[in-house]
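Reading through the structure tokens given below for one structure.
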Amino acid sequence: MDKVGGFKGIMNNSSRAIAQQRDSTRMRCKQSASSMQGMRELSRNSAIQAALQKGISEVCPKRMHSGKPKADTKRFHHGCRSLNLFQVHLEKNPVEKIKKEYAGISSCVLAFSGGKDSVLVASLLQKAGIKLTTATLDFGQEADFPAIRKLALRHSKKHCLVDGKGQLLANCHRGIKANCVAEGYLQATSFSTSVLASSLVDIARKGGIQAIAHGFSGVGNDQIRFENAVYALAPEKVVLAPIRDFNIKHEVVSGVNESFWAREIKHAGGSVPPGAFKLVKNKGGKPAKVQIFFENGMPTELYVMKGSRVGDTFGRGELIPALNKIAGAAGMGKFDIIVDKVIGLKQRELHEAPAAQVLVAAHRELESLILTSNEQHVKNEIDHTWNKLVYEGFWYSRLRLALDSFIDEIERSIDGSVTYEMACGGLNLVERKSHHALYDQRLSSTGAEGMFNQKDARYFIKLYGLENTLAFRRDLD
């Protein structure tokens, strides 16, 4: 009985194994059929994906990888942007949809940074039969412009490298005069996007190009700033936004906008990855003392102090990059914030703006020293409106120009210098001075040297509170 029972058990186990193998074979057949169907659907996109990966690998060959990225190779940095190397999700037949959606568009100029989005957009537009011109803006960022040009010419007939540093500097000076804070952080891409848009409008008009394209997503503010600028400057031009229009997605949203003014790092969440910050040193191990000079509200000169004497000096054009290095080494200018986007979404962003933080703080110090209380009150209101306009994409607007006129007039007296000591992320005010200063220590002092007669305050207080006293006594009666 034991032998028979054992034999039956063996047979039962064998039957179950055969059944499991049969079911497994059937499942693999079904999966194979499904995979073949999926491969047929994806084959239309494979050329685009291959071109995208090939282009990126040529620009940054050392950073390419297969499979799951290692901790130190999660990102590549190139041009204005740094994007994660993850699969791009395309809709079915994207080229055919682009041909249908953009019917009648034969020529286009594309904002091309060399990042994944701009490469993908260039490939899609090229395959859709649109004659493409690409343009890259030099904002003083770290970039291999010859490599970007080589990559761009794979998809376009012509590539333009535009020097945008001068116009960006002018925009930054306007921002400093308006104490450029919006949504709790120092504005940066608001200034560069307007330059990008105006440069592409110039290229389109000179070349008789129909459309202007960008690779911004439908989530952020850059799409609004860029397109509003194009519509204001060239309403006859058509704006193409394939990433948004065809709902192209990345598995991970992460990127960098960079210029000589600041770096903005879009970060999906979690801990900040190593190496995300380039300008700001976490430990702030290099203290510094600087003196910043202003004329008409704009920074004109930077002195780096060596004890009591002046060391290195920097003029208007080189002041901001130099201060970024000096203040960044002292730990200044790092921000981790949640931003309210214009379209209603919140997004986490990491910002590096050492020079901007110091310059705006110094500018505010001079305003408090020079402007009357009424002037400061109105100026604060104007600054708020100006920054809201620029943040929301209305750089090219009549209201912004009108506000500029007021700011220029009020800033005519903002001359002087501010001296700071910086260390471990802290900003210590040493001195503020101006020949336009309304502050006079002799007037404010109650000591023997004081020029103000304190007895005069008695009559002022009585007259100042007269109306309130009458109203209060009337209500009591």
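The values are calculated or read from the model by the stated rules, or taken from the named source; none is laboratory data. The structure presented is a predicted model; accordingly, all values stated were derived computationally and were not measured. A quick note on method: Cβ atoms are made from the backbone with ideal geometry, for glycine too, and the neighbour counts reach across all protein chains shown.
Quick check: anything in the stretch 427-434 touching a Leu at 6+ places or on another chain (Cβ under 9 Å), assigned to a strand (DSSP E or B) and closer than 30 Å to THR313 by Cα? I'd like the intermediate steps shown before the answer.
First, the residues of the stretch 427-434 that are touching a Leu at 6+ places or on another chain (Cβ under 9 Å): 432-434.
Narrowing further to those that are assigned to a strand (DSSP E or B): 432-433.
Still in the list and also closer than 30 Å to THR313 by Cα: 432-433.
Taking every residue of the stretch 427-434 in turn, at least one turns out to be touching a Leu at 6+ places or on another chain (Cβ under 9 Å), assigned to a strand (DSSP E or B) and closer than 30 Å to THR313 by Cα.
If we only count helices (runs of 4 or more DSSP H) wholly inside the stretch 143-217, which ones have 2 or more residues that are of a type in the set (A, V, I, L, M), modelled with pLDDT of 95 or more and under 21 Å from the mean Cα position of the chain (by Cα)?
Details: elements: 145-152, 165-177, 189-207.
Of the helices (runs of 4 or more DSSP H) lying wholly inside the stretch 143-217, those with at least 2 residues that are of a type in the set (A, V, I, L, M), modelled with pLDDT of 95 or more and under 21 Å from the mean Cα position of the chain (by Cα) span 165-177, 189-207.
Can you name the residue in the stretch 291-324 that is of a type in the set (D, E, K, R) and surrounded by 14 or more Cβ atoms within 10 Å (Cβ to Cβ) and, of all such residues, is nearest to GLY416 (Cα to Cα)?
Residues of the stretch 291-324 of a type in the set (D, E, K, R): 295, 301, 306, 309, 312, 316, 318.
Subsequent filtering for residues that are surrounded by 14 or more Cβ atoms within 10 Å (Cβ to Cβ) retains 295, 301, 316.
On the way: GLU295: 7, GLU301: 11, ARG316: 15 Å.
So, considering only residues that are of a type in the set (D, E, K, R) and surrounded by 14 or more Cβ atoms within 10 Å (Cβ to Cβ), the one nearest to GLY416 (Cα to Cα) is GLU295.
For the stretch 75-116, give me every one of the strands (runs of 3 or more DSSP E) that falls completely inside it and has 2 or more residues that are modelled with pLDDT under 50. Steps first, please.
Working: elements: 75-78, 81-84, 107-111.
In the stretch 75-116, the matching strands (runs of 3 or more DSSP E) lie at 75-78, 81-84.
Does the stretch 368-378 include one or more residues that are outside any helix (DSSP H, G or I) and of a type in the set (Asp, Glu)?
First, the residues of the stretch 368-378 that are outside any helix (DSSP H, G or I): 371-372.
Okay, now just the ones that are also of a type in the set (Asp, Glu), so none.
Among the residues of the stretch 368-378, not one is outside any helix (DSSP H, G or I) and of a type in the set (Asp, Glu), which makes the answer no.
Could you check how many residues of the stretch 187-208 are touching a Cys at 6+ places or on another chain (Cβ under 7 Å) and buried (at least 22 other Cβ atoms within 10 Å of the Cβ)?
Going residue by residue through the stretch 187-208, those that are touching a Cys at 6+ places or on another chain (Cβ under 7 Å) are 187, 191, 203.
Within this subset, residues satisfying the condition of being buried (at least 22 other Cβ atoms within 10 Å of the Cβ) are 187, 191.
Number of matching residues: 2.
With a cut-off of at least 3 residues that are at pLDDT 85 or above and either of a type in the set (Asp, Glu) or over 21 Å from GLY114 (Cβ atoms) (or both), name the strands (runs of 3 or more DSSP E) lying wholly within the stretch 232-296.
On the way: elements: 238-240, 255-258, 263-266, 288-295.
It comes to 288-295.
Which condition breaks for TRP395 when tested against (1) out of contact with any Pro (no Cβ under 6 Å at 6 or more places or on another chain); (2) within 13 Å of GLY175 (Cβ to Cβ); (3) part of a helix (DSSP H, G or I)?
Condition (3) is where TRP395 drops out.
Any residue that is part of a strand (DSSP E or B), of a type in the set (Asp, Glu), out of contact with any Phe, Trp or Tyr (no Cβ under 6 Å at 6 or more places or on another chain) and surrounded by fewer than 17 Cβ atoms within 10 Å (Cβ to Cβ) - is there at least one of those in the stretch 341-350? Step through it out loud before you land on a result.
Initially, the stretch 341-350 is screened for residues part of a strand (DSSP E or B), giving 346-350.
Now narrow it down to the ones that are of a type in the set (Asp, Glu): 349.
From the residues that got through so far, the ones that are out of contact with any Phe, Trp or Tyr (no Cβ under 6 Å at 6 or more places or on another chain) too are 349.
Okay, now just the ones that are also surrounded by fewer than 17 Cβ atoms within 10 Å (Cβ to Cβ), so none.
Looking through the stretch 341-350, none of the residues is part of a strand (DSSP E or B), of a type in the set (Asp, Glu), out of contact with any Phe, Trp or Tyr (no Cβ under 6 Å at 6 or more places or on another chain) and surrounded by fewer than 17 Cβ atoms within 10 Å (Cβ to Cβ).
Does ALA152 satisfy the condition of being over 30 Å from ALA362 (Cβ atoms) and out of contact with any Ser or Thr (no Cβ under 8 Å at 6 or more places or on another chain)? Show your work before the answer.
Numbers: over 30 Å from ALA362 (Cβ atoms): yes; out of contact with any Ser or Thr (no Cβ under 8 Å at 6 or more places or on another chain): no.
So ALA152 does not fit the description; no.
Rundown of residues vs (1) over 19 Å from GLY425 (Cβ atoms); (2) touching a Gly at 6+ places or on another chain (Cβ under 6 Å); (3) not charged (D, E, K, R), yes/no style:
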position	(1), (2), (3)
ALA262	no, no, yes
HIS267	yes, no, yes
ALA288	no, no, yes
GLY311	yes, no, yes
ARG316	yes, no, no
LYS325	no, no, no
VAL342	yes, no, yes
ALA353	no, yes, yes
ALA356	no, no, yes
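Yes/no per residue for (1) closer than 26 Å to VAL195 by Cβ; (2) hydroxyl-bearing (Ser, Thr, Tyr); (3) crowded, with 19+ Cβ neighbours inside 10 Å; (4) touching a helix residue (DSSP H, G or I) at 6+ places or on another chain (Cβ under 6 Å):
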| residue | (1), (2), (3), (4) |
| --- | --- |
| ALA353 | yes, no, yes, no |
| TYR396 | yes, yes, no, yes |
| LEU401 | yes, no, no, no |
| GLU409 | yes, no, no, no |
| GLY416 | no, no, yes, yes |
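Conditions (1) more than 22 Å from SER259 (Cα to Cα); (2) touching a Phe, Trp or Tyr at 6+ places or on another chain (Cβ under 6 Å); (3) free of Cβ contacts under 8 Å to residues at least 12 places away in the same chain, marked per residue:
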| site | (1), (2), (3) |
| --- | --- |
| LYS100 | yes, no, yes |
| LEU110 | no, no, no |
| LEU124 | yes, no, no |
| ILE130 | yes, no, no |
| GLN141 | no, no, no |
| LYS150 | no, no, no |
| CYS160 | no, no, no |
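Taking the stretch 297-320 only, how many residues are within 22 Å of PHE139 (Cα to Cα) and either over 29 Å from the mean Cα position of the chain (by Cα) or outside any strand (DSSP E or B) (or both)?
At the first step, the residues of the stretch 297-320 found to be within 22 Å of PHE139 (Cα to Cα) are 298-302, 314-320.
If we keep only those that are either over 29 Å from the mean Cα position of the chain (by Cα) or outside any strand (DSSP E or B) (or both) as well, we get 315-320.
Number satisfying all stated conditions: 6.
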